[in-house]
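Readers should treat all values here as calculations from the given coordinates under stated rules, not as data from a laboratory. In this text, all values refer to a predicted model and were calculated from it rather than measured experimentally. Note that each Cβ is placed from the backbone with ideal geometry, even for glycine, and that neighbours are counted across all protein chains shown.
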Amino acid sequence: MGKTGVVHIFASHNNTIILLTDITGSETIAKCSGGIVVQAQHKEGTPYAAMKVAEVVAGKAREKDITDVHVRVRGQGGIKPKAPGAGAEAAIRSLTRNGLRIRSIENVTPLPHDGCRKKKKHRSKK
């Protein structure tokens, strides 16, 4: 029987970072980002890059005998966009396709309780 781990997915519009830890979250087992698997910088946040990142992390999980994972998805949050980027869904799909069994999916995007003030809106010159 395999072990259980936690997959932390940070999906912004510019990049996707995936981190695999043990169940307590204290020991990092594997980590990878979009910049490692694609050459062009403007493609780091695409679903294709997220899929490749998830394949790398799933391969390292199999080496460590991890079969079950809890997924924690995070967007930018704060005063930035609350929704996760385009790579989050592709990464989760790729994890299941590569043999990891997903126990739960949780959204852990930080939400402000009326903290910082937003930037002023850009007004074009006429």
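Given R0 = 25 Å, the distance between the Cβ atoms of T4 and H113 translates into a calculated FRET efficiency of 0.20.
Given a Förster radius of 30 Å and the C-beta distance between S104 and H13 as r, what FRET efficiency does 1/(1 + (r/R0)^6) yield to the nearest 0.05? Display every interim value, and only then the final one.
Working: r = 25 Å, r/R0 = 0.84.
According to the calculation, E is roughly 0.75.
Rounded to the nearest 10 degrees, the inclination of helix 47-63 to the longest alpha-carbon principal axis of the chain is 30 degrees. A protection proxy built from the mean count of other Cβ atoms within 10 Å ranks the segments 83-93, 105-115, most packed first, as 83-93, 105-115.
Give K3/K31; K82/K118; K52/K80; K43/K125; K31/K80; K82/K119 a once-over and call out the pairs whose C-alpha atoms are over 22 Å from each other. All intermediate terms of the calculation are to be shown ahead of the outcome.
Numbers: K3/K31 18 Å; K82/K118 13 Å; K52/K80 26 Å; K43/K125 32 Å; K31/K80 24 Å; K82/K119 16 Å.
Cα-Cα > 22 Å for K52/K80; K43/K125; K31/K80; rest within.
Counting Lys and Arg as +1 and Asp and Glu as -1 over every other residue whose Cβ lies under 13 Å from the Cβ of V108, the net charge comes to +2. Here the simple spin-label model places points 7 Å from the Cα toward Cβ, and for D68 and I23 these points are separated by 0.7 nm.
In the set [x] 16.2, 67; [y] 13.1, 39; [z] 15.4, 45, the label that goes with Rg and Dmax of the Cα atoms in Å computed for this structure is [x].
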